[in-house]
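Everything below concerns the one structure shown next.
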Amino acid sequence: MFGLAQPENREDHARRLTRDGEMLAAALPRLVLEARRVSATVVHGLHGRRRAGTGENFWQFRRFVDGEPAARVDWRRSARDQHLYVREQEWEAAHTVWIWPDCSPSMQFVSPLAWETKRDRCVVIAFALADIMVRGGERVGIPGLMRPTASRAIIDRMADALIANAGKAGQNLPPKAPVSRLSEVVILSDCLVPIAEFADEVRSLASSGSRGHVLQINDPIEETFPYKGRVEFEEMEEKLTITAGRAETWRDDYVARLAAHRAELRRECDQRGWSFGIHRTDMPPASAILALHQRMGPGSRDLGMAGGRR
């Protein structure tokens, strides 16, 4: 047996956004301190990044993206494979990194197996990564929320932007906003959205030629589904509920659907030359940042473990 609640109305939705914004504001001082600690821990083991642009030194080949001029294709390299490739040169100037921290309702979930909510972990990773990028001479912005800046007070500016735009910050994926070809986009999210919506987002951002990286952030209980007996589940985005009489009988189907969804996410990223990784909130945030930072340099775009489990 199961029961479904009615979706919240517009007034309830507005009140929830206000409440979510207040909860985020209350948590930010702690998250800012944690992000600075993680950044300081990570930054000592990092080296400067090479960047793609208009320099003279060869950097790497990357997959051709739909919408780019055909003149950019390196036909000799492409002839060795079934894909088209572009030859990128190393760029010596700073460029822009757009970081999107998903603060939507589903990110507020936390189980007894984790240290903090998915939202808190997402914000810490976003702030710490931004601080590291600025230290390396990059500019950092939040799509649709904050213009790029190279300010050393980047963490404080991002925190202010999230509070000032609490409604937009509650979106799962970035709002439609133009990004330049030399930009990199980092999406930190649980990616619990329809594949069509995710594919449209990645396609839109990649159409300008920007590079991208997606880090799926999950609570460990979302991976293992250890529930037994009668359990009521709540869908945190639309406030729907469903009750399982014997939750253990759902486990195999749940794990299979999670794997299929994740495979589709990875496929969409691969098609656009983006990287895709997974991070669990019971793992240290520094491990995810190190793996992500490495993939933002030259080389493979597959994040692999990224501080979590594939």
Tell me, yes or no, whether segment 208-223 has at least one residue that is assigned by TED's automatic domain parsing to the domain that holds residue 250, of a type in the set (Lys, Arg) and out of contact with any strand residue (DSSP E or B) (no Cβ under 6 Å at 6 or more places or on another chain). no
Only listed residue being among the charged types (D, E, K, R), at pLDDT 75 or above and surrounded by fewer than 16 Cβ atoms within 10 Å (Cβ to Cβ), chosen from 10, 30: 30
In segment 64-162, which strands (runs of 3 or more DSSP E) lie fully inside it and hold 2 or more residues that are aliphatic (A, V, I, L, M) and surrounded by 21 or more Cβ atoms within 10 Å (Cβ to Cβ)? 96-101, 139-142
Being in contact with a His (Cβ under 9 Å, 6 or more places away or on another chain) and of a type in the set (Lys, Arg) narrows it down to one of 139, 157, 203, 147, so name that one. 139
Suppose we filter segment 173-225 for residues that are among the polar types (S, T, N, Q) and surrounded by 16 or more Cβ atoms within 10 Å (Cβ to Cβ); how many remain? 6
Residue 109: passes all of (1) under 21 Å from residue 26 (Cβ atoms); (2) free of Cβ contacts under 8 Å to residues at least 24 places away in the same chain; (3) of a type outside the set (A, V, I, L, M) but (2)
Of the residues 232, 248, 264, which single one is more than 29 Å from residue 159 (Cα to Cα) and either in contact (Cβ under 8 Å) with a residue 40 or more places away in the chain or among the hydroxyl-bearing types (Ser, Thr, Tyr) (or both)? 264
From the set of residues in segment 259-285 that are surrounded by 15 or more Cβ atoms within 10 Å (Cβ to Cβ) and hydrophobic (A, V, I, L, M, F, W, C), which is nearest to residue 184 (Cα to Cα)? 274
With 288, 199, 263 as the choices, which residue is outside any strand (DSSP E or B), over 29 Å from residue 140 (Cβ atoms) and either at pLDDT 90 or above or among the acidic types (Asp, Glu) (or both)? 263
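The values are calculated or read from the model by the stated rules, or taken from the named source; none is laboratory data. Keep in mind the model is a prediction, meaning the values are calculated, not measured. All Cβ positions, even for glycine, are placed from backbone atoms using ideal geometry, and neighbour counts span all protein chains on display.
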